[in-house]
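Trainee: I have a structure here, written as structure tokens, and I will follow up with some questions on it.
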Amino acid sequence: MDILKSLGHPEEMYNLLKFKMGGCHTVMPKLHYESMSESLRTCYGYLNQTSRSFAAVIQALDGELRHAVCIFYLVLRALDTVEDDMSIPLDKKVLMLHNFNSYLFQPDWRFSESQEKDRQVLEDFPTISLEFQNLGKDYQDVISDICHRMGVGMAEFLEKKVVSMQEWDKYCHYVAGLVGIGLSRLFSASQLEDPEVGRDTELANSMGLFLQKTNIIRDYLEDQKEGREFWPREAWSQFTARLCDFAQPQQLDSALCCLNLLVTDALRHVPDVLTYLSRLRNQSVFNFCAIPQVMAIATLSACYNNPLVFQGVVKIRKGQAVTLMMEATNMVAVCAIISQYNQEIVQKVSPTDPSREKTLKILALIHKQSLSWEPLSPDRQLSPVYLSAALLLAALSWRYLSTATGQSANVNDVQGH
């Protein structure tokens, strides 16, 4: 049971209780579907079906930006579904990926031959393209451009493995960096954020790369079972002849060395993440961007030097995730969170790890940048008595509240792709 994992963490117990009693609406307000057109309601239905995690944070965005990001997500989900579908012949798939953005301007285009679980976004693509046409031209231009660039990049890697660290960056750029760039341009187009946010593609790209690399690192075993390999050969070939061998107990020392090398590479994006977040002015946009980033560094801390990466999927506790969601609402809090996990990784660095010097160097840089913001003031800390009372109350009444409130926000999904 998820709550049991947080029993030794009173603040997590308090936040779990608070979240169940309605605190979730502070960061994820309820959306009113009554005022929407039928086609837009259908789009939000697809959003909730394909990813409850993204649905939650997207629906918390302000104004028309919310609809633009919803359609952006569904278009890219449809594109990704084509890429993932192994039943589509390669030549046909390449053509579809290259031309996918043109389907946004073809009202009747749909694809009914997919075998993927999210095939409804392809089968009912006319509903999505209709709502795309209802967006402002600035939004349309961003979505169409990113869709085209991502499709071309996906086609490039269909028959190409990730070999060098540079190619790892390139692959992550295509599947996630472009998402960060597109979102940033949408933020600026909405006028909720300054034009600079949309123009600085380097920072936006780093936002996406940090998340994608975290997912790739965490999902080693799951990808191996599915016959996929995203860890770059340049990294793992230093320690083994075959990437799949890391799952063997006798290869654990080598596996951990490679794992730590990749975590170190992912951490080099954190300074850009902090700079990017510091430029945001709209609260809903800040929450939307900050929550996944603090989840990512918490996940990297959990993965670093952890043998469990090669035995299953490492996930942060539900109470931990809820606490991060409720606290990561300003730069002071985000820097405090990142400093906390930064220090956790420092304490795990082995004196014999081959990447030790590089790891400690990037951690020192992150620590220095985090100090640019004042630490949380004492009056914002919860007293031990209050936390203990919350712990007792939560332990006694959790099951009752779960039923009585009917608020079953799926927090674990926030940690997913």
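Trainee: Could you go through segment 219-228 in sequence order and give the Karplus-derived ³J(HN,Hα) for each residue, using 6.51 cos²θ - 1.76 cosθ + 1.60 with θ = phi - 60°, rounded to whole Hz, and x for Gly and Pro?
Mentor: 8, 3, 5, 4, 5, 4, 5, 8, x, 10
Trainee: Out of the total accessible area of segment 189-240 (probe 1.4 Å, heavy atoms of protein only), what percent is carbon and sulfur?
Mentor: Result for segment 189-240: 39 percent of the exposed heavy-atom area is carbon or sulfur.
Trainee: If you average 1/r over every pair of different alpha-carbon atoms in segment 262-320 and take one over that average, what Kirkwood value in Å do you get?
Mentor: Evaluated over segment 262-320, this radius sits at 12.9 Å.
Trainee: Suppose we take every Cα in segment 52-171 and form the convex hull; what volume per residue is that in Å³?
Mentor: So the per-residue Cα hull volume is 118 Å³.
Trainee: Next up: What ranking, highest mean first, results for peptides 262-270, 141-149 when packing means the other Cβ atoms within 10 Å averaged over each residue? Intermediate results must be reported in sequence, preceding the final value.
Mentor: Values: 262-270: 23.6, 141-149: 19.3.
Ranking, from highest mean packing down: 262-270, 141-149.
Trainee: Could you work out what % of the accessible surface of segment 263-347 is carbon and sulfur, using a 1.4 angstrom probe and leaving DNA, RNA and ligands out of the count?
Mentor: Details: 1140 of 2390 Å².
Roughly 47 percent, rounded to a whole number.
Trainee: Based on the Cα gyration tensor of segment 321-374, what are the three equivalent ellipsoid semi-axes, each the root of five times an eigenvalue, rounded to whole Å and given largest first?
Mentor: Working from the Cα gyration tensor, I get semi-axes of 25, 13, 6 Å.
Trainee: Can you flag which of Lys170/Lys315; Lys92/Lys170; Lys225/Lys315; Lys93/Lys318; Lys93/Lys358; Lys160/Lys318 are past 29 Å Cα-Cα?
Mentor: Flagged as over cut-off: Lys93/Lys318; Lys93/Lys358; Lys160/Lys318.
Trainee: How many angstrom separate the Cα center of segment 51-120 from the Cα center of segment 160-214?
Mentor: Rounded to whole Å, the Cα centres lie 18 Å apart.
Trainee: Which of the trypsin sites (Lys or Arg not before Pro) found in segment 199-250 are in a DSSP loop and have at most 14 neighbouring Cβ atoms, other than their own, within 10 Å?
Mentor: Numbers: sites: Arg199, Lys213, Arg218, Lys225, Arg228, Arg233, Arg242; in loops: Arg228, Arg242.
Here the trypsin sites (Lys or Arg not before Pro) that fit, given the DSSP loop and packing criteria, are Arg228, Arg242.
Trainee: Please report Rg over Rh for segment 52-107, where both radii come from the alpha carbon positions and Rh follows the Kirkwood definition.
Mentor: That ratio is 1.09, to two decimals.
The values are calculated or read from the model by the stated rules, or taken from the named source; none is laboratory data. On a predicted model such as this, the values are computed, not experimentally measured, just so you know. Positions of Cβ are generated from backbone atoms using ideal geometry, with glycine treated the same way; all protein chains shown enter the neighbour counts. Keep in mind that these areas ignore ligands, DNA and RNA; they rest on the heavy atoms of the full protein, side chains included. Shrake-Rupley method; radii C 1.70, N 1.55, O 1.52, S 1.80 Å.
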